[in-house]
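**Student:** Before I ask anything, let me first share the structure, which is written out below as structure tokens.
The values are calculated or read from the model by the stated rules, or taken from the named source; none is laboratory data. Here the structure is a predicted model, which is why all the values come from computation and not from measurement. Heads up, the Cβs are rebuilt from the backbone with ideal geometry, glycines too, and the neighbour counts pull from every protein chain shown. Accessible surface is based on the protein model in full, side chains and every heavy atom, while ligands, DNA and RNA are left aside. Shrake-Rupley method; radii C 1.70, N 1.55, O 1.52, S 1.80 Å.
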Amino acid sequence: MTAPKRAPQKLKTTRYEDDVHAWAQEQVHFLQAGAWARLDIEHLADEIADVGRSERHALTSALCVILLHLLKWDHQPTRRTRSWVTSIRTQRNVVAERLEDSPSLKSRIDVLVARAYHRARIEAAGETGLDEETFPPVCPYDVETILNRPIPWPPSDNKARPRRE
């Protein structure tokens with residue numbers, strides 16, 4: 001005698017509000033399986049929109065760090081450090097990688113630079129002790145300068161003070 005057939009069980013799904021990671025893994029499975037009726041369309045749409053925002057925020061953050069250190073480099077030449085150079089170089093690589101991964105962000109770069117500069121100016125004033133008005137109200141650097149201006153170490157103008165880092 002054979003065992004009676006069981007009715008297929010409906011798999012319990014994880015609620016987005018209860019565990020985003022488990023929910024995301026399930027959504028991936030449903031997409032790959034073509035289980036369209038099981039997809040949480042509302043939350044999927046929100047998450048996809050968040051991906052775009054995250055990419056913009058990451059790019060803006062990297063630009064902000066570059067701008068902060070360029071402002072400090074230009075306004076405090078006697079305090080220049082190797083760490084500023086390293087930070088600029090590292091964040092330039094981050095920007096290049098983000099733009100390579102999301103080339104559509106190139107069309108928004110001027111807006112993102114303006115947003116990043118606003119924050120960088122505030123941070124530069126805080127870190128240098130200089131008045132915020134010391135720094136131009138609008139970004140003084142074009143995108144080419146931000147991404148490619150040489151920042152030599154040791155500085156070629158010999159204005160850097162030797163510091164332990």
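**Student:** Scan (1) more than 30 Å from Asp131 (Cα to Cα); (2) aliphatic (A, V, I, L, M); (3) modelled with pLDDT of 95 or more for the single condition Ala3 breaks and write down its number.
**Tutor:** (3)
**Student:** Going residue by residue through the stretch 88-95, is there one that turns out to be open to solvent by less than 30 Å² (accessible area, probe 1.4 Å), under 30 Å from Ala24 (Cα atoms) and polar (S, T, N, Q)?
**Tutor:** no
**Student:** If you don't mind, another one. Condition check: outside any helix (DSSP H, G or I) and in contact (Cβ under 8 Å) with a residue 12 or more places away in the chain. Does Val138 satisfy that?
**Tutor:** Yes: the conditions hold for Val138.
**Student:** Limited to the stretch 78-108, what total is found for residues that are touching a residue at least 40 places away in the same chain (Cβ under 8 Å) and either β-branched (Val, Ile, Thr) or touching a strand residue (DSSP E or B) at 6+ places or on another chain (Cβ under 8 Å) (or both)?
**Tutor:** Looking only at that region, the number is 5.
**Student:** Identify all residues within the stretch 14-24 that are surrounded by 12 or more Cβ atoms within 10 Å (Cβ to Cβ) and either part of a helix (DSSP H, G or I) or within 28 Å of the chain's Cα centre (by Cα) (or both); write none if there are none.
**Tutor:** Tyr16, Asp19, Val20, Ala22, Trp23, Ala24, listed by residue number.
**Student:** Next question. Check Lys72 against each of (1) open to solvent by 20 Å² or more (accessible area, probe 1.4 Å); (2) touching a Phe, Trp or Tyr at 6+ places or on another chain (Cβ under 8 Å) and name the one condition it does not meet.
**Tutor:** Condition not satisfied by Lys72: (1).
**Student:** For the stretch 49-63, state whether one or more residues are open to solvent by less than 70 Å² (accessible area, probe 1.4 Å), over 30 Å from Val138 (Cα atoms), in a helix (DSSP H, G or I) and out of contact with any strand residue (DSSP E or B) (no Cβ under 9 Å at 6 or more places or on another chain).
**Tutor:** For the stretch 49-63, residues open to solvent by less than 70 Å² (accessible area, probe 1.4 Å), over 30 Å from Val138 (Cα atoms), in a helix (DSSP H, G or I) and out of contact with any strand residue (DSSP E or B) (no Cβ under 9 Å at 6 or more places or on another chain): absent.
**Student:** Show the residue pairs that are 6+ apart or on different chains and have beta-carbon atoms under 8 Å apart, the first residue being within the stretch 49-77 and farther than 11 Å from Val95 by Cβ, the second being open to solvent by 10 Å² or more (accessible area, probe 1.4 Å) and among the acidic types (Asp, Glu).
**Tutor:** Listed by first residue and then by second, the contacts come to Glu55/Asp101; Leu68/Glu123; Leu68/Glu127; Lys72/Glu127; Pro77/Asp157.
**Student:** Any chance the stretch 79-92 includes a residue that's touching a Lys or Arg at 6+ places or on another chain (Cβ under 6 Å) and not in a helix (DSSP H, G or I)?
**Tutor:** Among the residues of the stretch 79-92, at least one is touching a Lys or Arg at 6+ places or on another chain (Cβ under 6 Å) and not in a helix (DSSP H, G or I), which makes the answer yes.
**Student:** Restricting to the stretch 55-75, name every residue that is more than 16 Å from Val113 (Cα to Cα) and out of contact with any Asp or Glu (no Cβ under 9 Å at 6 or more places or on another chain).
**Tutor:** Trp73, Asp74, His75
**Student:** Something else about it: Within the stretch 116-123, is there a residue that is under 30 Å from Ala49 (Cβ atoms), surrounded by 15 or more Cβ atoms within 10 Å (Cβ to Cβ) and of a type in the set (Asp, Glu)?
**Tutor:** Taking every residue of the stretch 116-123 in turn, at least one turns out to be under 30 Å from Ala49 (Cβ atoms), surrounded by 15 or more Cβ atoms within 10 Å (Cβ to Cβ) and of a type in the set (Asp, Glu).
**Student:** Taking Tyr141, is it more than 19 Å from the chain's Cα centre (by Cα), within 17 Å of Ser61 (Cα to Cα) and open to solvent by less than 80 Å² (accessible area, probe 1.4 Å)?
**Tutor:** Yes; evaluated as a whole, the condition is true for this residue.
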